[in-house]
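Okay, structure first, notes after.
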Amino acid sequence: MASGKPGAVQPLGVPALEDKIVQSAVAEVLSSVYQVDFLGFSYGLRPGRNPHMTLEALHTAIMSQRVNWVLDADIRNFFDSVDHEWLLRIVAHRIADPRILPLIELWLRAGVLESGEKQEADRGTPQRAGISPLLANIFLHYILDLWVHQWRRRRAHGRVVAVRYADDFVMGFESKTDAQEMLLALRARLASFGLMLHEDKTRLIEFGRFAALSRQRRGKGRPETFAFLGFTHYCGRTRDGRFIVKHKTEGKRLTRKLTALRHEAWRLMHAPMAKQHEWFAAVLRGHYGYYGRPHKYRKRCSQATFLRCCAAG
């Protein structure tokens, strides 16, 4: 099954109706336990949280804290690479009910469909399985979030902030040395669980309030940008000269979307005008509903909001 990313496919695991019902019940039980454990900077696939809240927390952190360097990290094929044995051990650490683990193991071992054939694997959370997003979040909570929280307390010399949405996460650092050490430690940490960073999508850049002046003095030009949750984020200034993190729709994503729209428009070319209008209006509502975000972070996100949302708990 296509994953939504160019050239990438993901295994398709479609549970039966009975499994969906049981998975929903188990997910509700697990969620009631783990939602109180998840750290404040974890946003992805959690009730009451969404990508826009993630972006607001990230921008507020960069603008209000001493952030000079940004690490934009992406785990390669995360959902297909989750080690079943590690995941079961992690769940068993918190869940004592002997009925839960066998069910989770059964769903993980059930296999997936690839090219119409069933394939068994010892890794990955099957797509379309209702419990998969929660299991993935539990896995990352233990192998990443708690570890990052401890690392910045024990190893960091300067300020460190973090925001994670599913397998995409961004960290901000006051010190370049801290940022470089974190990147090395992160690679080793993920490798110990059979994971690795997507090197083409993982970048350490100079970014923040003083990035433009610092780079100008060194003849480096404008600060670099980074992509996160469908937006390209860049350093900017308000009309009165204050630093602000600005954003625009990520270029590659916009190009793919326009290409898909062009093909669909050709397909509907001879459809009644009312149907074309209904389709195009729905497309615009969806696009502006997600990407039509104003640069009003100072007004909408105060320092207190940042401390509440991004604190490690």
Check your understanding: When you go through (1) of a type in the set (Val, Ile, Thr); (2) touching a strand residue (DSSP E or B) at 6+ places or on another chain (Cβ under 8 Å); (3) without any contact (Cβ under 8 Å) to a residue 60 or more places away in the chain one by one for Val67, which number turns out not to apply?
Key -> (3)
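Restricting to the stretch 155-173, give me the number of residues that are touching a residue at least 60 places away in the same chain (Cβ under 8 Å) and buried (at least 19 other Cβ atoms within 10 Å of the Cβ). Before you say what the answer is, go through the steps one by one.
Quick first cut of the stretch 155-173, residues touching a residue at least 60 places away in the same chain (Cβ under 8 Å) only: 158-159, 161-173.
Checking the rest, the ones that are also buried (at least 19 other Cβ atoms within 10 Å of the Cβ) come to 161-173.
Result for the stretch 155-173: 13.
Among Arg152, Arg76, Arg128, which is the only one that is under 21 Å from Ser175 (Cβ atoms) and either modelled with pLDDT of 95 or more or touching a strand residue (DSSP E or B) at 6+ places or on another chain (Cβ under 9 Å) (or both)? Quick ask: steps written out before the conclusion?
Details: Arg76 fails: under 21 Å from Ser175 (Cβ atoms); Arg128 fails: under 21 Å from Ser175 (Cβ atoms).
After applying the criteria, what remains is Arg152.
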Check your understanding: Do you know which of the residues in the stretch 71-97 that are within 30 Å of Ala61 (Cβ to Cβ) and part of a loop (DSSP other than H, G, I, E, B) is farthest from the chain's Cα centre (by Cα)?
Key -> Val82
Check your understanding: Quick one: in the stretch 33-44, which of the residues that are touching a strand residue (DSSP E or B) at 6+ places or on another chain (Cβ under 8 Å) and of a type outside the set (Phe, Trp, Tyr) is surrounded by the most Cβ atoms within 10 Å (Cβ to Cβ)?
Key -> Ser42
Check your understanding: Which members of the stretch 203-243 meet the condition of being more than 19 Å from Gln65 (Cα to Cα), part of a loop (DSSP other than H, G, I, E, B) and in contact (Cβ under 8 Å) with a residue 40 or more places away in the chain?
Key -> Leu229, Gly230
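The values are calculated or read from the model by the stated rules, or taken from the named source; none is laboratory data. The shown structure was predicted, so the numbers you read here are calculated from the model rather than taken from an experiment. Cβ: placed from backbone, ideal geometry, glycine included. Neighbour counts: every protein chain shown.
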